[in-house]
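Engineer: The structure is given below, and queries will be raised subsequently.
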Amino acid sequence: RENARNGTAVIDINAFATPSTLTLGNGSRTYDDVRRDNYRNFDLSLAKMFGFNENKQKLEFRVEALNVLNLVVFGTPGNNINAANFGIVTTQGNRPRIVQLVGRFTF
């Protein structure tokens, strides 16, 4: 999968061919190991609760970071054998890092 970074094919595209008309090919229907990278994602959340008087009023402040390590998961390689991008990864399979601030007042 290292070649996915520079736009070269991640599978041997010469190992595949379109079968002749009215014939069945000898390839597997699915190839689980060439679908896409394992999905790795680490999220982080930090929260602090502030209490006001005895009326149970609270203020919650939270910071959430989705994909905090900003890991890249490459998308699926092109799977149309007649297309120019067959076997080449052209997409990213996950989102980049997202950080959001949340404030919640409960009364």
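Engineer: Do we find a residue being in contact (Cβ under 8 Å) with a residue 40 or more places away in the chain, open to solvent by 60 Å² or more (accessible area, probe 1.4 Å) and not hydroxyl-bearing (Ser, Thr, Tyr) anywhere in the range 87-94?
Structural biologist: no
Engineer: Taking the conditions exactly as written (open to solvent by less than 40 Å² (accessible area, probe 1.4 Å) and within 24 Å of the chain's Cα centre (by Cα)), does Ala65 satisfy them or not?
Structural biologist: Here the answer is yes, as Ala65 does meet what is asked.
Engineer: Take the residues of the range 95-107 that are open to solvent by less than 60 Å² (accessible area, probe 1.4 Å) and in contact (Cβ under 8 Å) with a residue 40 or more places away in the chain: which is farthest from Asn53 (Cα to Cα)?
Structural biologist: Filtering first and then ranking leaves Val102.
Engineer: Something else now. Six or more apart or on different chains, Cβ under 7 Å: which pairs go from a residue in the range 21-32 that's modelled with pLDDT of 80 or more to one that's open to solvent by less than 80 Å² (accessible area, probe 1.4 Å)? Could you list them?
Structural biologist: Gly25/Pro19
Engineer: Scan the range 68-80 residue by residue and report those that are open to solvent by less than 60 Å² (accessible area, probe 1.4 Å) and either closer than 27 Å to Leu44 by Cβ or not small (Gly, Ala, Ser) (or both).
Structural biologist: Val68, Leu71, Val73, Phe74, Gly75, Pro77
The values are calculated or read from the model by the stated rules, or taken from the named source; none is laboratory data. Keep in mind that this is a model prediction, so the values were computed, not measured. Note that each Cβ is placed from the backbone with ideal geometry, even for glycine, and that neighbours are counted across all protein chains shown. We work out accessible area using only protein heavy atoms, side chains counted, and drop any ligands, DNA or RNA first. Shrake-Rupley method; radii C 1.70, N 1.55, O 1.52, S 1.80 Å.
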